[in-house]
Amino acid sequence: MKKQNQSSVVEFILLGFSNFPELQEQIFGIFLVIYVVTLVGNAIIIVIIFLDQSLHIPMYLFLLNLSVVDLSFSAVIMPEMLVVLSTEKTTISFVGCFVQMYFILFFGGTECFLLGTMAYDRFAAICHPLNYPMIMNKGAFIKLVMFSWALGFMLGRVQTSWVSSFPFCGPNEINHISCETPAVLELVCADIFLFEIYAFTGTILIILVPFLLILMSYIRILFAILKMSSTTGRQKAFSTCASHLTSVTLFYGTASMTYLQPKSGYSPETKKLMSLSYSLLTPLLNPLIYSFRNKEMKRALMKLLQRRVVLTRHGDSCL
């Protein structure tokens, strides 16, 4: 990431929620709990799927990748945010800011594509059950996962390199919770018209296209559900689809509002809340929505806990 000579800024100040000093401690406590729950929830899913051979099928391996992304996404943003909330003035170096921006784009972009491929996987499994083993074979799964990670990497590399090449002449206060692209662009002292065109086009391709793919997949799935003879099965399937759609709408909706117009008219506080929706709530909710409601995941978790209890008792008896 290359910085132009005319940039006089060597570090940035993250303001976070400095407009609400009386609430800093409460916000810190809430965010710390959310961060710990997010880490534990996603780590449990990764361990369960990794250890249980019966879950080594595309549906659960997609969930494993999603948990890795969510855990990483949260780890990139939350520690710095907690530091901002616990100190009066938080500085981050020029390079450190753009490293954080890169990983936010990398993991955020990967999640966009991964959620789209997961919806396609569910569509193939429910609407084409007989052909599913051929549609989602090992080769297809590996290609889709690698495609998601590769596109996330490319997004982070291209956008971060471009933004870091702009001149920053001062001020250096980022009125946001992290070094996200739209917030950093507010400090650029140059014409960013071409970048805004790129950002608008890129956001449509990266956010809206996968979201439309998800929407179309779930519409087809809902039609398949309506043909079910079991009322209980229909209700359960509707509940699952509704929770999935709620999660992806929250993620894609707030992300598109943030990135479609980098210098939009939203207030800084509104932008912070929108950012929290996809960087804080989505990694927290995804394990609950996609995994812990799943019967096979519950079975695997109970099996793991029982094995742990047996090993503990055996260890105690040896002593």
- Message: Angle check, please: helix 295-318 long axis (alpha carbons) against the longest principal axis of the chain (alpha carbons), in degrees 0 to 90, nearest 10.
- Response: 90 degrees
- Residue order, fewest to most beta carbons within 10 Å, for M118, M274: M274, M118
- Task: With springs only between Cα atoms under 10 Å apart, run a GNM on the chain and tell me which of L208, L51, L63 wobbles the most.
- Result: L51
- Which of T254, T110, T87 fluctuates most in a GNM of the chain (C-alpha springs under 10 Å)? That residue is T87
- Assertion target for C189, C241, C179, ordered by fewest C-beta neighbours within 10 angstrom first, is C189, C241, C179
- Query: What longest range of the chain stays clear of loop-exposed chymotrypsin sites (Phe, Trp or Tyr not before Pro) (DSSP non-H/G/I/E/B, at most 15 other C-beta within 10 angstrom)?
  - Reply: 1-265
- Task: Please arrange D191, D70, D121 by counting, for each residue, the other beta carbons lying within 10 Å of its beta carbon, fewest first.
- Result: D191, D121, D70
- Would you work out if the range 209-252 is rounded, prolate or oblate? Take a ≥ b ≥ c from the square roots of the eigenvalues of the alpha-carbon gyration tensor; rounded if a/c is under 1.5, else prolate when a/b is larger than b/c, oblate otherwise. oblate
- Item | Cα-based radius of gyration of the range 51-210 once divided by 2.2 N^0.38 Å, which approximates compact folds | 1.25
- Sort largest first and round to whole Å: the equivalent ellipsoid semi-axes of the chain, each the square root of five times a Cα gyration tensor eigenvalue. 37, 25, 18
- Mean residue ellipticity at 222 nm from the helices of the chain, using -39,500 (n - 2.57) per DSSP H segment of n ≥ 4 over the full residue count, to the nearest 500 deg cm²/dmol? -24000 deg cm²/dmol
- Task: Hey, can you grab everything whose amide H is under 5 Å from the amide H of T90? Only 5+ residues off in sequence or another chain; H modelled, so Pro and N-termini drop out.
- Result: L14
- Along the range 176-189, Karplus-curve 3J(HN,Hα) (6.51, -1.76, 1.60; θ = phi - 60°) to the nearest Hz, with x for Gly and Pro, reads 7, 8, 7, 8, 6, 3, x, 5, 5, 4, 4, 9, 6, 9
- Item | Nearby aspartates and glutamates by direct alpha-carbon distance to K303 (threshold 12 angstrom, same-chain neighbours under 8 apart not counted) | D52
- Task: Could you tell me how many degrees, from 0 to 90 and to the nearest 10, lie between the Cα long axis of helix 209-226 and the main elongation axis, the longest principal axis, of the Cα atoms of the chain?
- Result: 30 degrees
- Between the DSSP loop rule and a limit of at most 10 other Cβ atoms within 10 Å, which trypsin sites (Lys or Arg not before Pro) in the range 200-272 are left? K227
- Contact order normalised by residue count of the chain, Cα under 8 Å, 6+ apart, percent: 26 percent
- Item | Karplus 3J(HN,Hα) series, Hz, for the range 151-164 with 6.51 cos²θ - 1.76 cosθ + 1.60 (x for Gly, Pro) | 5, x, 4, 5, 4, x, 5, 5, 5, 5, 4, 5, 5, 5
- Length added when fully stretched, L194-Q53, from 0.36 nm per residue minus Cα-Cα: 45.8 nm
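FYI, it's all coordinate maths here, none of it is from the lab. Quantities reported herein were computed from a predicted structural model and do not represent experimental measurements. When we count neighbours, we look across all protein chains shown, and the Cβ atoms used for this are built from the backbone with ideal geometry, even at glycine.
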